[in-house]
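Asks: A single structure is presented below for examination.
The values are calculated or read from the model by the stated rules, or taken from the named source; none is laboratory data. Quick caveat, the model's predicted, so the values are computed rather than measured. Neighbour counts are summed over all protein chains in view; Cβ atoms, including those assigned to glycine, are modelled from backbone coordinates with ideal geometry. SASA here: full protein model, heavy atoms, side chains in, ligands and nucleic acids out. Shrake-Rupley method; radii C 1.70, N 1.55, O 1.52, S 1.80 Å.
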Amino acid sequence: MTVLSSADRASTEKKVKSSYFDLPPMEMSVAFPQATPASTFPPCTSDYYHFNDLLTPEEQAIRKKVRECMEKEVAPIMTEYWEKAEFPFHITPKLGAMGVAGGSIKGYGCPGLSITANAVATAEIARVDASCSTFILVHSSLGMLTIALCGSEAQKEKYLPSLAQLNTVACWALTEPDNGSDASGLGTTATKVEGGWRIKGQKRWIGNSTFADLLIIFARNTTTNQINGFIVKKDAPGLKATKIPNKIGLRMVQNGDILLQNVFVPDEDRLPGVNSFQDTSKVLAVSRVMVAWQPIGISMGIYDMCHRYLKERKQFGAPLAAFQLNQQKLVQMLGNVQAMFLMGWRLCKLYETGQMTPGQASLGKAWITSKARETASLGRELLGGNGILADFLVAKAFCDLEPIYTYEGTYDINTLVTGREVTGLASFKPATRSRL
């Protein structure tokens with residue numbers, strides 16, 4: 001087999017290219033004038049059962065503020081950055097100004113929102129862009145909340161005010177290459193030394209990790225064999241975080257591989273409230289509710305986009321919305337959104353009254369993400385050829401749902417959490433092999 005030199009390859013490419021090969025793409029308004037792309041975001045038309053009436057005036061105000069910011073600041077640029085798989089750092093101050101970072105945390109400059117307000121804000125961010133929603137969720141409902149629930153008073157006062165303004169950014173590192181669903185079996189270790197700890201190990205799929213100022217790291221205490229939590233600073237000696245390339249979903253989120261090579265963490269940055277794996281459950285209880293609201297928001301955006309598209313796009317002399325099959329699919333999507341919202345809202349109320357169980361949270365996350373995938377699939381059909389273009393949101397949302405379907409517990413693992421709760425029997429471990 002002959003391998004062409006760089007010069008030969010360049011010469012071959014030049015011969016086959018036309019004179020207009022390298023011209024920039026047409027503006028969408030010229031290439032496809034019949035429908036409006038998602039850079040001008042459609043109005044919200046998905047609240048068919050008037051669920052907004054269930055929200056308090058404060059929750060409605062947060063919803064309105066977040067919606068306006070996302071439609072104005074994020075919608076025009078999201079496709080470009082999603083395509084490049086880069087995070088738009090220039091909009092971070094705008095995201096901070098929404099006043100939702102820190103969610104339900106009270107004090108320390110945090111907004112002290114109700115769980116419902118926090119969830120609705122999560123959905124409104126995801127309605128426009130799921131990557132921005134994941135960025136905020138990792139920072140707020142995992143990183144900040146761990147400090148708030150498991151940190152010392154000094155740690156809360158030192159770190160939370162800046163994080164609440166998004167002047168600094170947090171990530172949350174539990175998952176490892178060898179430990180995904182079986183997160184309790186961590187291999188990263190923390191060894192006590194004079195004045196602090198030495199951490200060794202590896203983490204994977206950690207959102208925000210390549211640029212986070214604070215990294216919440218979970219590691220196994222080599223003395224007690226229990227899981228402890230630590231706050232590691234950006235650029236600490238021995239710390240390295242590199243971007244995971246080639247993702248098909250949440251492309252703006254900078255997921256990273258973290259390598260910890262004997263990283264020193266001073267005693268004051270050990271989280272005193274994390275002394276076993278069970279101590280992470282109070283953080284995950286909140287974050288799992290928030291994650292369940294991401295696909296609710298994504299589905300709202302998909303429906304809104306399809307609703308407008310079907311009324312704008314014409315074929316056979318009529319709007320696509322005039323055809324029976326299209327109306328049936330659109331109404332099926334609308335029904336999904338109503339059911340998803342109601343389940344998410346009920347989860348919030350159960351949490352706020354102290355009644356929510358792990359199984360209820362897991363069922364909510366599993367079922368809502370599965371219905372969101374169905375909604376995205378229907379939306380992709382409705383948009384025809386434009387259903388594979390990120391410009392019209394649905395293809396982008398279709399891809400963004402895939403990692404959400406998996407993180408914070410896969411669909412299967414979450415069903416097993418609920419199954420254990422309703423039957424009293426755990427089925428996580430494989431059955432013992434028969435001797436026969």
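Table: residues versus (1) more than 22 Å from the chain's Cα centre (by Cα); (2) surrounded by 24 or more Cβ atoms within 10 Å (Cβ to Cβ).
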site	(1), (2)
Ile231	no, no
Ile244	no, no
Pro266	yes, no
Leu271	yes, no
Phe277	yes, no
Ser281	no, no
Gln294	no, yes
Ser299	no, yes
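Asks: Looking at the structure I just gave you, is Val274 aliphatic (A, V, I, L, M), in a strand (DSSP E or B) and farther than 25 Å from Cys132 by Cβ?
Replies: It is false that Val274 is aliphatic (A, V, I, L, M), in a strand (DSSP E or B) and farther than 25 Å from Cys132 by Cβ.
Asks: Still on this model: Can you name the residue in region 176-188 that is under 18 Å from Gln226 (Cβ atoms) and either part of a loop (DSSP other than H, G, I, E, B) or open to solvent by 40 Å² or more (accessible area, probe 1.4 Å) (or both) and, of all such residues, is modelled with the highest pLDDT?
Replies: Result: Thr188.
Asks: Follow-up question, since we're still on this one. Identify, from the list Asp391, Asp400, the residue that is part of a helix (DSSP H, G or I), of a type in the set (Asp, Glu) and open to solvent by less than 30 Å² (accessible area, probe 1.4 Å).
Replies: Checking each option against the conditions leaves just Asp400.
Asks: Related question: Any chance region 90-108 includes a residue that's crowded, with 24+ Cβ neighbours inside 10 Å and among the polar types (S, T, N, Q)?
Replies: no
Asks: Which of the numbered conditions does Thr40 fail, given that it passes all the others? Conditions: (1) open to solvent by 60 Å² or more (accessible area, probe 1.4 Å); (2) under 20 Å from His307 (Cβ atoms); (3) free of Cβ contacts under 8 Å to residues at least 24 places away in the same chain.
Replies: Looking at each condition in turn, Thr40 falls short on (3).
Asks: Kindly provide the set of residues from region 307-357 that are crowded, with 18+ Cβ neighbours inside 10 Å, within 26 Å of the chain's Cα centre (by Cα) and either of a type in the set (Val, Ile, Thr) or not in a helix (DSSP H, G or I) (or both), ordered by number.
Replies: Result: Val337, Met356.
Asks: I'd like the full set of residues that are surrounded by 10 or more Cβ atoms within 10 Å (Cβ to Cβ) and of a type in the set (A, V, I, L, M, F, W, C), limited to region 1-30.
Replies: Scanning region 1-30 gives Leu4, Ala10, Met28.
Asks: What number of residues in region 22-37 are without any contact (Cβ under 8 Å) to a residue 60 or more places away in the chain and touching a helix residue (DSSP H, G or I) at 6+ places or on another chain (Cβ under 9 Å)?
Replies: 1
Asks: Another question, then. Filter region 139-168 down to residues that are open to solvent by less than 20 Å² (accessible area, probe 1.4 Å) and either basic (Lys, Arg) or touching a residue at least 60 places away in the same chain (Cβ under 8 Å) (or both), then give me how many there are.
Replies: 14
Asks: Residue check: is Thr210 over 30 Å from Glu86 (Cβ atoms) and either open to solvent by 20 Å² or more (accessible area, probe 1.4 Å) or in a strand (DSSP E or B) (or both)?
Replies: No: the conditions fail for Thr210.
Asks: Now, a different point. Note down all Cβ pairs under 8 Å where the first residue falls in region 227-241 and is without any contact (Cβ under 8 Å) to a residue 40 or more places away in the chain and over 11 Å from Leu214 (Cβ atoms), the second is assigned to a strand (DSSP E or B) and charged (D, E, K, R), and they're at least six residues apart or on different chains.
Replies: Pairs found: Ala241/Asp257.
Asks: Is it true that Lys65 is free of Cβ contacts under 8 Å to residues at least 12 places away in the same chain and surrounded by 12 or more Cβ atoms within 10 Å (Cβ to Cβ)?
Replies: no
Asks: Before we move on, is Gly384 touching a Leu at 6+ places or on another chain (Cβ under 9 Å) and over 25 Å from Val289 (Cα atoms)?
Replies: It is true that Gly384 is touching a Leu at 6+ places or on another chain (Cβ under 9 Å) and over 25 Å from Val289 (Cα atoms).
Asks: Sticking with this structure for a sec: It is to be established whether one or more residues within region 114-122 are under 11 Å from Ile62 (Cβ atoms), touching a strand residue (DSSP E or B) at 6+ places or on another chain (Cβ under 6 Å) and open to solvent by 20 Å² or more (accessible area, probe 1.4 Å).
Replies: no
Asks: If you don't mind, another one. Can you tell me which of (1) out of contact with any Pro (no Cβ under 6 Å at 6 or more places or on another chain); (2) surrounded by 17 or more Cβ atoms within 10 Å (Cβ to Cβ) is the one Arg204 doesn't meet?
Replies: Result: Arg204 fails condition (1) only.
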